[in-house]
């Protein structure tokens with residue numbers, strides 16, 4: 001089935017996007033990402049360790065940028081200015097790479113997004129030529145505003161970052177999906193393969209996750225489970241589920257030909 | 001001269017060091033980096049030509065695991 005995810009003019013076969021944080025080591029990171037089938041991987045931009053780093057392996061050696069589409073993020077940024085600065089550095093770091101994940105946080109305790117700063121940063125980044133995939137709350141109005149600004153994908157949370165609480169407001173997600181003309185990806189809060197499948201059945205174009213895989217007891221196995229869940233959820237959405245009825249009086253087996261007493 | 005790298009004071013013996021020379025001195029040769037000097041990004045193509053002066057503030061960043 002030819003069912004590709006289009007983001008900023010590029011087609012992807014996988015609808016699962018994964019983070020690269022919180023793994024035991026780079027070997028496990030790589031094994032989990034291979035099992036997930038993800039083609040887009042998020043990375044953070046941080047100060048380089050100066051001193052005692054010679055020969056130390058780097059993430060890029062395990063995940064060559066030629067093999068994956070990097071999605072540099074602005075995790076840890078609490079203002080539009082910091083987020084824009086971080087992504088300009090990322091663009092330089094990745095040779096002019098334009099596809100980025102914008103997230104501006106509002107509170108270190110919950111990591112809830114600050115949508116006012118997010119909107120300000122999105123405006124600057126779009127004007128500056130970036131392809132912006134934007135993490136936001138599940139507020140349909142904000143999601144629409146971010147689309148109107150020119151973001152290439154909107155990524156509402158299912159629940160708080162790293163919480164694994166699953167989809168707390170499927171109704172809001174449904175409104176966002178209905179209103180959007182750009183891809184909608186659930187980002188943050190997925191805890192299990194079931195959550196990922198539900199997100200796809202709602203009609204999401206994709207799911208971005210990190211902790212659900214990295215913090216599983218067996219991250220590589222969970223990565224494989226997520227791959228299947230995303231595919232199953234997508235196909236279930238496309239196939240169109242049967243309507244829900246309290247009861248149907250329409251059994252699955254024939255009502256005629258029953259063996260009856262003569 | 002004294003410069004600041006990622007917020008830390010660093011003393012360099014020589015004056016007039018290029019960014020490229022600094023990368024070698026810091027043992028970062030071959031690493032994929034982006035560098036900001038006094039708040040402005042220095043494109044990689046200019047690493048050989050841009051000099052570092054006393055008091056400069058540098059940010060040196062790389063890509064790390066993240067979600």
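The values are calculated or read from the model by the stated rules, or taken from the named source; none is laboratory data. Here the structure is a predicted model, which means the values were calculated and not measured. Here the Cβ positions follow ideal geometry from the backbone for every residue, glycine too, while neighbour counts run over all protein chains shown.
Observations on the model:
- Residue satisfying condition, being within 11 Å of chain B (Cβ to nearest Cβ) and buried (at least 16 other Cβ atoms within 10 Å of the Cβ), within set A:35, A:44: A:44
- Taken as a whole, the structure places residue A:206 among residues that are under 21 Å from residue A:73 (Cα atoms) and buried (at least 23 other Cβ atoms within 10 Å of the Cβ).
- Of all the numbered requirements in (1) over 20 Å from residue A:126 (Cβ atoms); (2) touching a strand residue (DSSP E or B) at 6+ places or on another chain (Cβ under 7 Å); (3) free of Cβ contacts under 8 Å to residues at least 24 places away in the same chain, residue A:41 misses one, and that requirement is (3).
- Among residues of segment B:6-29 that are away from chain A (no Cβ under 13 Å), those with a Cβ under 6 angstrom from a residue that is part of a loop (DSSP other than H, G, I, E, B) and surrounded by 11 or more Cβ atoms within 10 Å (Cβ to Cβ), sequence gap 6+ or separate chain, pair up as B:15/B:1; B:20/B:47.
- Test: residue in segment A:76-88 that is at the interface with chain B (Cβ under 10 Å from one of its Cβ atoms), over 23 Å from residue B:41 (Cα atoms) and modelled with pLDDT under 95: no
- Residue A:95 vs. criteria surrounded by fewer than 16 Cβ atoms within 10 Å (Cβ to Cβ), modelled with pLDDT under 95 and at the interface with chain B (Cβ under 10 Å from one of its Cβ atoms): yes
- Tallying residues that are closer than 14 Å to residue A:47 by Cα, assigned to a loop (DSSP other than H, G, I, E, B) and under 21 Å from the mean Cα position of the chain (by Cα) within segment A:58-95 yields 4.
- Enumeration of residues in segment B:41-60 that are under 16 Å from residue B:14 (Cα atoms) and surrounded by 12 or more Cβ atoms within 10 Å (Cβ to Cβ): B:50, B:51, B:52, B:53, B:56
- Single residue of segment A:1-15 satisfying the filter (in contact with a strand residue (DSSP E or B) (Cβ under 6 Å, 6 or more places away or on another chain) and either buried (at least 20 other Cβ atoms within 10 Å of the Cβ) or without any contact (Cβ under 8 Å) to a residue 24 or more places away in the chain (or both)) that is farthest from residue A:237 (Cα to Cα): A:7
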